[in-house]
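Comments concern the structure below.
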Amino acid sequence: MATDDPLNAFITRCHIPPSGEGRLSGLTIAVKDNISTRGVQTTCGSQILKGYVPPYDAFAVERLKAEGATIIGKTNMDEFGMGNTTENSAYGPALNPVDPTRVPGGSSGGSGAAVGAGMIPLALGTDTGGSIRCPAAFCGIVGLKPTYGRVSRYGLIAYANSLEQIGPMARTVGEVSLLMSVISAYDPRDSTAQSRPFDHTPSSDVGGCRIGVVEEFFGEGVDHRVASTVFSAIERLEELGAEIVSCSMPSMRYALAAYYTTCMSEASSNLARYDGIRYGLASDDRKQWHHAFQEERQQGFGKEVRRRIMLGTFALSTGYYGKYYVKAQMARANVRADFARLFSDVDLLAGPTMPTTAFHLGEKSDPLSSYLADILTVPANLAGVPAISVPCGTVERLPVGLQLMGRHFEDERVVDAAFAFERVVS
Amino acid sequence: MIERKDVEHIAELADIGITGEEIEEFTHQFNAILEYFDILDQVPEGTEGGTVIYNVLREDEITPSLPLHEAIGNAHSCEEEFIRAPRVM
């Protein structure tokens, strides 16, 4: 841990100058370490990619440079994005800027910590099941998971392609909106990227906006103090002219199992590329292929990554594919159908981002208990809808995040509601 | 129920090295996780998926690619323009 980085927010410090002038001129930014930066080590928080230097920039990084930003570091993260604490980083955990005995959340915890501590104004994160929103909530900053397809994933090192998006993190909604407008542009190199640029100036008018409060988001496992803080925030939106409606999302019952089955299955396929031959830890080319491969992956991957690769392999294997992967896709369709039904009646859905405030370091040592903490963030990834976390108060001095979700490609409406809320409380 | 031999088999399929101690630990953890996943058995069948986003197509045009030395620059063992790999047989 470097002395100028007491929160261990960075894996690599760098100075990548801008390539042009634009909306980010004069600003510094940090980039999560699973987003490729030409000439600068990109590890995904993993030992297996230690020393890997990408020969090209991710699309989002090209955009930052072209718009005048200076990139000053690659931020710490749970290995390959697998976790919600950064404790699964091969480079040691990042710490929470509000209380360093606690985690900053994850997996974009280094980005959350660096912005929360005021080290930088802006950061990029990635969100597969809550990895932008969780650290935003735990560190008291703003984080947006864009609609799936709105930001190119070109150069994002893949973990679970059907779920993940690159997105902006900053101290204010206005800055998040600015950064979103920079990174959201059409890129033909990502075949899931749509041509739907985000060219928006936030508006604080929420008059007439119908906001659904999902009862399941306040159910079992949600700290009652967090719930009441979020309820108060929703009341503030009502005072601003929004109409509040109670609603239900029954598919929440299956959402977490559907999410984990899907992301583990995709990870087992994506991470098969780490064979130590083209990049990553060197494999011993005197040994037989499988022995060399197994040894290198045992040394290079941490336990959580190996658990997920193995469970994903299991969920896709003969005899279990129908029971796990196929069922998970049916559950995912249920979640999408629930969102479609609710969004035919309301404009936004609201609830807490995380069920609790930031965990103590070491508190989530059991994998299943860690997974359960993602219950409120994974539905938006399963459906591909936009979701933002905006600070809405504290419980025992620890930040609480209000989560707002919107229809596909209505990221602007989500940003506006968060902006309205932020203005009234600041 | 997953047993030790299942975990060993999955590790082999996934090409993941695993220690004896980890087999014990993973067997216990996998059972807890898979028991939780059993809730998927209760998912009603035949739901329409709501909005599904389709791939975007583009013309298949030739564009410049990485120079060879950059493309193989992260490999540990190369011979001329080739990457050395462990033997398969």
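Just so you know, all these numbers are worked out from the coordinates, no wet-lab data involved. Source: prediction; values computed, not measured. As a convention, Cβ positions derive from the backbone with ideal geometry for all residues, glycine included, and neighbour counts pool all protein chains shown.
Want the number for A:Tyr186 to A:Ser25: 0.36 nm per residue separation, take away the alpha-carbon distance, what's left?
Result for the pair: 55.8 nm of gain on full extension.
Please identify which residues in segment A:271-298 have an amide N closer than 18 Å to a label point set 7 Å out from the Cα of B:Glu79, following the Cα→Cβ vector.
A:277-278, A:283-289
Along segment B:23-32, what does the Karplus equation 6.51 cos²θ - 1.76 cosθ + 1.60 (θ = phi - 60°) give for ³J(HN,Hα), rounded to whole Hz, x for Gly and Pro?
4, 4, 5, 5, 4, 4, 5, 5, 5, 5
Based on C-alpha coordinates, I'd like the Rg and Dmax of segment A:311-426, in Å.
17.2, 55
Compute the distance in nm between two label points, each set 7 Å from the Cα along the Cα-to-Cβ direction, one at A:Glu215 and one at A:Tyr56.
For the pair A:Glu215/A:Tyr56, the computed spacing is 5.1 nm.
Distances over 21 Å make up what percent of all Cα-Cα pairs in chain B?
69 percent
Using the Cα centre of chain A as origin and beta-carbon charges of +1 (Lys, Arg) and -1 (Asp, Glu), tell me which of A:Gly280, A:Tyr91, A:Tyr259 is placed farthest towards the positive end of the dipole.
A:Gly280
Give me A:Glu422, A:Glu87 ranked fewest to most by other Cβ atoms within 10 Å of their Cβ, as a rough exposure proxy.
Final ranking by Cβ density, sparse to dense: A:Glu422, A:Glu87.
Could you tell me the relative contact order of chain B? Use alpha-carbon pairs under 8 Å, at least six residues apart, and round to a whole percent.
17 percent
Go from 0 up to the bin containing the longest alpha carbon distance in segment A:1-116, width 5 Å each, and give me the % of pairs per bin.
Spelled out per bin, shortest first, that is 2, 14, 23, 23, 19, 12, 6, 1, 0.
Would you be so kind as to identify which of A:Gly155, A:Thr201, A:Leu178 lies farthest towards the positive end of the dipole of segment A:152-304, taking Lys and Arg as +1 and Asp and Glu as -1 on Cβ and the Cα centre as origin?
Working it through, the farthest residue towards the positive pole turns out to be A:Gly155.
Efficiency by 1/(1 + (r/R0)^6): what FRET value for A:Arg225 and A:Leu368, r their Cβ-Cβ distance, R0 = 25 Å, to the nearest 0.05? Write out the running numbers ahead of the final one.
On the way: r = 24 Å, r/R0 = 0.96.
My answer for the efficiency is 0.55.
Once Lys and Arg get +1 and Asp and Glu get -1 on their Cβ, which of A:Thr70, A:Gly20, A:Asn34 lies farthest toward the positive end of the dipole of segment A:14-87?
A:Gly20
For segment A:83-217, just say rounded, prolate or oblate: build the C-alpha gyration tensor, square-root its eigenvalues into a ≥ b ≥ c, call rounded for a/c under 1.5, and beyond that prolate if a/b exceeds b/c, oblate if not. Provide the component values of the computation, followed by the final result.
Details: a/c = 1.60, a/b = 1.21, b/c = 1.32.
In terms of gyration-tensor shape, oblate.
Given the convex hull of the Cα atoms of the protein assembly as shown, what is a quarter of its surface area in nm²? Intermediate values should be presented prior to the final figure.
Values: hull surface 94.6 nm².
Projected over every direction and averaged, the Cα hull of the protein assembly as shown covers 23.7 nm².
Kindly state, to the nearest 0.05, the FRET efficiency for A:Arg13 paired with A:Val425, given R0 = 30 Å and r defined as their beta-carbon distance. Intermediate values should be presented prior to the final figure.
Details: r = 34 Å, r/R0 = 1.13.
For R0 = 30 Å, the calculated efficiency reads 0.30.
Most exposed first by the Cβ proxy, i.e. fewest other Cβ within 10 Å, how do B:Met1, A:Met330 rank?
So the ranking, lowest neighbour count to highest, is B:Met1, A:Met330.
Arrange A:Arg308, A:Arg336, A:Arg253 by Cβ neighbour counts within 10 Å, fewest through most, would you? Write down the numbers at each step before the final one.
Details: A:Arg308 27, A:Arg336 23, A:Arg253 17.
Least crowded to most crowded, the residues run A:Arg253, A:Arg336, A:Arg308.
Identify which of A:Cys44, A:Cys263, A:Cys14 has the largest mean-square fluctuation in a Gaussian network model of chain A, with springs joining Cα atoms closer than 10 Å.
Looking only at A:Cys44, A:Cys263, A:Cys14, the biggest GNM fluctuation is shown by A:Cys14.
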